[in-house]
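Below: the structure, in structure tokens.
Just so you know, all these numbers are worked out from the coordinates, no wet-lab data involved. Note that this is a predicted model, so its numbers are computed, not measured. Here the Cβ positions follow ideal geometry from the backbone for every residue, glycine too, while neighbour counts run over all protein chains shown.
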Amino acid sequence: MRAAVACCVALLLASAVLGADDHSVIFDEDVDFAVFKTFIVRDVRVVSERPELKFPAVAKALATTLRTVLTKRLTEVTDRGDLIVECRVTGVDYGIGPFGRASVVQPGRSGGRGQPRTLNVDFTEATMVLDLTSGATAALVWRGVYHDSEKDPQILASALIEDATRLLSQYPPKKK
């Protein structure tokens, strides 16, 4: 009976992880963001074992979204922008193992003693880090981080566009 209760609790906790997404924005409070008038998107990288995430169209769509949102406030240039934009997305697969514990699924690795040889992927977590660096000083002035987990990596790939838009909606930051 206790084992059944423990399994139910573990499943509830795992489902809470799947529904969770969170974000945070940090910035240099000493920077006058009004001086930034132009930007350049330098790099958008997606690192994941999931084909749905590492598909080149995902990185291209993210770059397009960054440009679209930022051109509402800034002007895009091809060289020497006031702000340099870089975006990195990392996708990690998790499986629910014994006792309802989430573990990273590593392709090609066999399980340990008493564990199955491979763990099924139950959900994928993506972390997007969006950095805005001063073109003049090369100092990081603004960073947005978004974590999202989904059972279906296709939904996760689609959500990245909305996640990037949410992060950039907080630029320029409002000083307290």
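Phi angles across region 150-160 convert, under the Karplus curve 6.51 cos²θ - 1.76 cosθ + 1.60 with θ = phi - 60°, into 3J(HN,Hα) values of 8, 6, 9, x, 5, 5, 4, 4, 5, 5, 4 Hz, Gly and Pro given as x. All other residues whose Cβ lies under 13 angstrom from that of residue 36 are scored, Lys and Arg at +1 and Asp and Glu at -1, for a net of -1. Cross-link pairs exceeding 23 Å in C-alpha to C-alpha distance, out of 72/151; 37/72; 37/174; 54/174, comprise 72/151; 54/174. The residues neighbouring residue 70, those whose beta-carbon lies less than 12 Å from its own, together hold a net charge of +2 under the Lys/Arg +1, Asp/Glu -1 convention. Per-residue Karplus couplings for region 59-65, computed as 6.51 cos²θ - 1.76 cosθ + 1.60 with θ equal to phi - 60°, are listed in order as 5, 5, 5, 5, 4, 4, 5 Hz, Gly and Pro entered as x. For region 68-81, 3J(HN,Hα) computed residue by residue from phi via the Karplus equation (6.51, -1.76, 1.60; θ = phi - 60°) reads 4, 5, 6, 5, 6, 10, 10, 10, 7, 10, 9, 8, 6, x Hz, glycine and proline entered as x.
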